[in-house]
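A.B. asks: Quick one: the structure is below, and I'll ask about it shortly.
Where a number appears in this text, it was derived from the coordinates with a stated rule and is not lab data. Being a predicted model, the structure only gives us computed values, none of them experimental. Heads up, the Cβs are rebuilt from the backbone with ideal geometry, glycines too, and the neighbour counts pull from every protein chain shown.
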Amino acid sequence: MDLDLSQYFIVEEKPVFNLSIKLVIPSGCGMKCPFCFNLLNKNTAVYDKEAFLNNFIDSLNHIIDTAGPKRSISLDITGNEPTHDIGLFIATMQKINTIKHRFNKIVLTTNGENLSKFDVLKHVGDVVDFVNLSVHHYNESERCKAFGVQPIDSLFYGHIIDVLHSYNIKVTAVAVLYKELNTTFVAFVRNFAIWAKKFRFDNIRIRSNFYKKDDFFTRYMNDTTFGNEIIRAEGLNTKYLDVDGMEVILLQGVTSLIGHVVGVEAVVDDDGKPYIDYGKCYPFNSKYIEHVYVLKK
Ligand code: SF4
């Protein structure tokens, strides 16, 4: 993401009430998704796992302490693929477990590749409230194209989800629409909902590849009529649907929170240090972490 904050005035600084902290585990990934956001970070990515393990808890505590009391703080555990290096993942989860009371919500975003190995699911169950499981498509051959390698099959998703449910963890099926569909958007969403219900997902989130200009996703969002399946629409950006009892969230998404004041993100990046961006350009060091920006003329 090329974001030059020097091009912006900060017109307002104020404390925030919803703080989302992303934790980037430097684990690598075995998949080859053509839309992978980590491709954007390849010039700044480091894989110093020891530094990450040594630093990240202090960084999380620093952000939380800086944000002050009366905050709703969520932790979004991500990566690369956070479970790809199983030893690193388990060591990370054990450390998070010691401070999990400081978070209102802890989410793990994963492609699921190693969830069933060793006792990974137990460590997930100890720490996590929600799992975002990247599946990208209900059709297995389309899923294979999205991941660039042979991914998990549908039956196996069902098995993982049953175990996660036994820990009271809710599971979202996540799909990035990175290319035009060969069916209508309505048919895609409805087929996805039927598939997700069969394999016991709790809901679905379908989003654009928002690091690229995906005009087709905007077109799908603008031109598609879902009738009484729409529960709520937040402008053209987000729609909530009930498709045959399955909650579906359609999300255009944004690449930057500049101009958006709903929640604020901090990032503990792959070096275990705190930032306000993925590219490690802007260290986290401010008491007032919600900034309202205006582009300089
Ligand atoms: S699974 Fe995630 S981290 Fe791995 S290549 Fe795909 S998008 Fe990137």
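A.B. asks: Which entries of Lys117/Lys280; Lys32/Lys197; Lys100/Lys198; Lys22/Lys179; Lys170/Lys239 show an alpha-carbon separation above 30 angstrom in the structure shown? All intermediate terms of the calculation are to be shown ahead of the outcome.
C.D. replies: Details: Lys117/Lys280 32 Å; Lys32/Lys197 27 Å; Lys100/Lys198 32 Å; Lys22/Lys179 27 Å; Lys170/Lys239 20 Å.
Over 30 Å Cα-Cα: Lys117/Lys280; Lys100/Lys198.
A.B. asks: Could you name the aspartates and glutamates in cross-link range of Lys145, using Cα to Cα under 15 Å and dropping any fewer than eight places away on the same chain?
C.D. replies: Within the straight-line limit of under 15 Å, Lys145 reaches these aspartates and glutamates: Asp153, Glu180.
A.B. asks: List the trypsin sites (Lys or Arg not before Pro) within region 90-147 that DSSP assigns to loop and that have no more than 15 neighbouring Cβ atoms inside 10 Å. Let's see the in-between values first.
C.D. replies: Values: sites: Lys95, Lys100, Arg102, Lys105, Lys117, Lys122, Arg143, Lys145; in loops: Lys117.
The qualifying sites are Lys117.
A.B. asks: Still on this structure, I have one more. How far apart, in nm, are the 7 Å Cα→Cβ label points at Asp242 and Asn18?
C.D. replies: Here the modelled spin labels are 2.2 nm apart.
A.B. asks: Between region 123-151 and region 54-120, what's the alpha-carbon centroid distance in Å?
C.D. replies: Distance between centres, Cα-based: 18 Å.
A.B. asks: Just report the Cα centroid separation between region 157-174 and region 219-245, whole Å.
C.D. replies: 25
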